[in-house]
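What follows is a short report on a single structure.
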Amino acid sequence: MSPEQNPSRSFGRRSFLRASGTVAAAGFLAACGGNTGRGGGSGGKAAISQWYHQYGEAGTQQAALRYAKAYTKADVSVQWIPGDYASKLSSGLVSSNGPDVFEFHPDVQMAKSGQIVPLDDIIADVKSDFTDKDLAANSVDGKVYGIRMIDDPQFLYYRKSLLEKAGVQPPTTFDELIDVSRKLDKGGVKGLYLGLKGGSDILASPLVWATGSELLTADHKVAFDTPATVEGLKKMRELYTSKTLLLGAPTDWFDPSAFTQGLTAMQWCGMWAMPGIQKALGDDFGIVPLPGIGSAGRPVVYNGGWSTYVSAKAKDVDAAKAFVKWLWIEQTKLQEDWCTSYGFHIPPRKSLAAKATKLQSGTAAEAVKLFDTNGHYDDPYWTQGMITISQDMVNNVVVSGKNPESEVAKARTRVEAELKKIV
Amino acid sequence: MATTTTGGARPGAAAPPGPAVKARRDRHGVRGSTRTFWLFAGPFLAGLLLFVYVPVGWSFYLSLFQAQNTVTPTKFVGLDNYADILSEGPFTDSLWTFTLFALIVVPLTYVLALALALLVHRIRVARAFFRSVFFIPTACSYVVASMVWKLSIFNGVRFGLANTVLGWFGIEPIAWIGTASPPWYWLVLVTLRLWLQLGFYMILFLAALQQIPKELYEAAWTDGARPGWQTFRHITLPQLRTTSVAVVLLMLIAAYQAFDEFYNLLPNTPYARPPLVYLYYTALGQGQDFGHGSAGALVLSALITMVTLLQGRIFGFGKADS
């Protein structure tokens, strides 16, 4: 807040009220007269509000609107939310103006606090068509709370031509990664891009996995506080202090622009960016997983993705569930469109993945293979609060150069406090 | 609004004058003005109650509960949230961040705004132009300015404005907001805030400078004071005391409320996270931990109140002027 805004605070409030009043009135009018075109009665159909985060690929928003319009049993309005989606979603979910149907990541707190409803009944018929790991990632206490829409493996992209010019091979160990990044850093092109926070956010979990450790045990106890994790943090610090990382780029890690515009020779990004990268660079790129660290190390691909959920506060929970069933269970054509027509995503349905021809050749096929062999999934018990704690841990060590042992110990204490709130 | 229909507030407009009527009118007038007061102030008081005091009260309620993913919690935890948030951790770290920010930005703004005001005050040509040209940035939004600073001026890649200039002297590109050491992000944060708020405080000082009677200077010169530093030190500065106290207070509160530029310029990193940004991510962000968020917000409010009162004690803000 700035001081010059202070005197106008009451003004802001009033104009806010006025604006929200107008919006409410407009919404009311729209609800009354907006949809008389089809189906006869205007008041009979349920209204469903569906939220998406902003996908970066062209055509995605139009597609989402098209799917919503194709549903005839209710009026689905799509909200396409740019910026900090998680924040807008969480304030939406505690208020009464939240979404009825929304996409997000698995989170045990949302299930335990009753913000979302179980979806076992609508997924029952096709449960075997989803992979066990996708189902597990969305299950709490044996109930399925979310339906996976897309699987998005994340890995390292590299420019083949630049590696050849530097006379290096794609890295297979973390030491090689540091070395390759050093050799690629020349002529105004940086070696590696890991995002605005130098990888301390997006690589926080993959880094732990790459050392052979786990975040939590199967019975939800802290598992990341190992000597291997400390070793991993030290290696990551070594990479950061090599001064070969691209820092302060205009776009973050999830946007391939820094890579396609030649600011960096390697970048951590996701499968979704592949069509864009192909268009910009042709065949001049390849992918590798995050290399393993230490003796128990293993290469890691992070299987992110989005799932769809139904809010317990939905105006009509059954109508919302029916819509989710229609779109993300029955409409396989639309699911295929969503997964492969814009950015690339792996369809979570086995039957669809087998049919997705665009993902069966070239680098896309390689990505699917990495997803199957080196993929690590979200754990619903690794909550947003714990994600922040682990990212702070990595940031404190890697970016600020604090002591890794004590940071791991601190993070352990804080994660245990978070776990106590759940179990 | 309903307040425009308060005919009763203008008593006896149609009544004929007369002693008896006059007495009645006076009584009526008192009653009428009370009603007018409530009609005018009522809506705002109701707003204040509804949008300020109810949320503060609710925050206090939430701060005593384990309010995870809900604002109607059921598990009472007493003062545990306060203990958690005050024990060493990201919240206490964030308090240092904003204290450091205030320590840098308040004296800098004070000195530069005063210097600007003195310059603009003495200028003889194009006064209106110089006054508005320094004031205009105040009208710019923090979000927009943050975007300009982040994406064009202090962009970390080689074609950012600052890095292009450095490039002319053969200096390697600097990741202005991407690194913790050296802490270049402070330069970005401080220059942004200076650009945005200097003009506003300059105007306050300018107004105060114009209030200083010319006779004081003339008397000083007659007594042999040299124009320049001596006059400034013994005449101008003491005369600006009231304004200075108000300005420092405003700047301090503004610094403590720092959110926009931190949130928009920097990613969510532990090394540059003032309390409001931390609380935002805890409660409203992905965390949805309203218990700890509320406890932190109340601790922060208490701190700001304390500092303000303390400053009032020391500098005498709010005392009757001379």
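The values are calculated or read from the model by the stated rules, or taken from the named source; none is laboratory data. Computed from a prediction, not measured in an experiment: that's the story for all the values here. All Cβ positions, glycine included, derive from the backbone under ideal geometry; neighbour counts span all protein chains shown. Calculation scope for accessible area: heavy atoms of the full protein, side chains included, ligands and nucleic acids excluded. Shrake-Rupley method; radii C 1.70, N 1.55, O 1.52, S 1.80 Å.
Roughly how many nanometres apart are two label points built 7 Å out from the Cα toward the Cβ at B:GLN311 and B:THR164?
Label-label distance for B:GLN311 and B:THR164, simple model: 3.9 nm.
Take the alpha carbon atoms of chain A, find their radius of gyration, then divide it by 2.2 N^0.38 Å using N residues; give the quotient. Before the final figure, lay out each step's value.
Details: Rg = 22.9 Å, N = 423, 2.2 N^0.38 = 21.9 Å.
Against the compact-globule rule of thumb, the ratio is 1.05.
In chain B, which whole DSSP H runs stretch at least 27 Å along their own axis (Cα) and average -1.0 or higher on the Kyte-Doolittle scale?
Numbers: long enough: B:19-48 (42 Å, -0.19); B:90-122 (47 Å, 1.54); B:185-211 (39 Å, 1.40); B:290-315 (37 Å, 1.29).
Qualifying helices: B:19-48, B:90-122, B:185-211, B:290-315.
Using a Förster radius of 45 Å, what is the FRET efficiency between B:PHE129 and A:PHE254 based on their Cβ-Cβ separation? Nearest 0.05, please. Please list the in-between numbers first.
Details: r = 46 Å, r/R0 = 1.01.
Taking R0 as 45 Å, the efficiency between B:PHE129 and A:PHE254 is 0.50.
Between B:THR72 and B:ILE304, what is the spin-label point distance in nm, taking each point 7 Å from the Cα along the Cα→C-beta axis?
3.0
Just to confirm the number: angle between the C-alpha axis of helix A:404-422 and the first principal axis of chain A, 0 to 90 degrees, nearest 10?
Tilt of helix A:404-422: around 20 degrees.
Could you tell me which residue out of B:MET306, B:GLY170, B:ASN264 lies farthest along the dipole of the range B:86-315 toward its positive end? Charges go on the beta carbon: Lys and Arg +1, Asp and Glu -1, centred on the Cα centre.
B:GLY170
For B:LEU237 and B:TRP195 in one chain, what is 0.36 nm times their gap in residues minus the Cα-Cα distance, to one decimal in nm?
Net length gain for the segment: 12.7 nm.
Among A:LYS197, A:LYS133, A:LYS234, whose mean-square fluctuation peaks in a Gaussian network model of chain A (Cα, cutoff 10 Å)?
Judging by the Gaussian network model, the answer is A:LYS133.
Based on the Cβ-Cβ distance from A:GLN62 to A:LYS355, what FRET efficiency comes out when R0 is 22 Å, to the nearest 0.05?
Details: r = 23 Å, r/R0 = 1.06.
Result of the calculation: an efficiency of 0.40.
Within the accessible area of chain A, what % is carbon and sulfur when the probe is 1.4 Å and the other protein chains stay in place?
Details: 9360 of 17110 Å².
Roughly 55 percent, rounded to a whole number.
Which distance in nm do the two modelled labels at A:ASP318 and B:ARG35 give, with both placed 7 Å along the Cα-to-Cβ direction?
Inter-label distance under the simple model: 5.4 nm.
Can you pull out the buried accessible area for chains B and A, both sides counted, probe 1.4 Å, rounded to the nearest 100 Å²? Could you put the intermediate results ahead of the total?
On the way: alone 19490 and 19040 Å², together 34720 Å².
The contact between A and B buries close to 3800 Å².
Working from Cα positions, state the angle (0 to 90°, nearest 10) between the long axis of helix A:362-374 and the longest principal axis of chain A.
So the inclination is approximately 90 degrees.
Filter the trypsin sites (Lys or Arg not before Pro) in the range B:221-322 down to the DSSP loop ones having no more than 15 other Cβ atoms within 10 Å, then list what survives.
Details: sites: B:ARG233, B:ARG241, B:ARG313, B:LYS319; in loops: B:LYS319.
Those satisfying the criteria are B:LYS319.
Between B:PHE60 and A:GLN54, what FRET efficiency comes out of the Förster formula 1/(1 + (r/R0)^6) with R0 = 41 Å and r the beta carbon distance, rounded to 0.05?
Numbers: r = 36 Å, r/R0 = 0.88.
Approximately 0.70, to the nearest 0.05.
Hey, quick one: spin label on B:TRP221, modelled 7 Å out along Cα-Cβ, who in the range B:91-129 has an amide N within reach, i.e. under 19 Å?
Hits in the range B:91-129 for B:TRP221 at 19 Å: B:118-125.
Over the range B:86-315, with every protein chain in place, what whole percent of the accessible area is carbon and sulfur at 1.4 Å, could you tell me? List each step's numbers first, then the result.
Numbers: 7700 of 10970 Å².
Heavy-atom surface of the range B:86-315 belonging to carbon and sulfur, 1.4 Å probe: 70 percent.
With charges only on Cβ, +1 for K and R and -1 for D and E, what is the dipole size of the protein assembly as shown about its Cα centre, in debye, rounded to 20? Mind dumping the intermediate values first?
On the way: 68 positive and 58 negative charges, 661 e Å.
For this selection, approximately 3180 debye.
In the structure shown, do any of A:LYS197/A:LYS243; A:LYS160/A:LYS234; A:LYS183/B:LYS150 have a Cα-Cα gap over 18 Å, and if so which? Can you show the working numbers first?
On the way: A:LYS197/A:LYS243 14 Å; A:LYS160/A:LYS234 28 Å; A:LYS183/B:LYS150 29 Å.
Beyond 18 Å between Cα atoms: A:LYS160/A:LYS234; A:LYS183/B:LYS150.
State the extension gain, in nm to one decimal, for the chain segment bounded by B:GLU172 and B:VAL143, taking 0.36 nm per residue of separation less the distance between their alpha-carbons.
Values: separation 29, 0.36 × 29 = 10.44 nm, distance 2.84 nm.
Length gained, B:GLU172 through B:VAL143: 7.6 nm.
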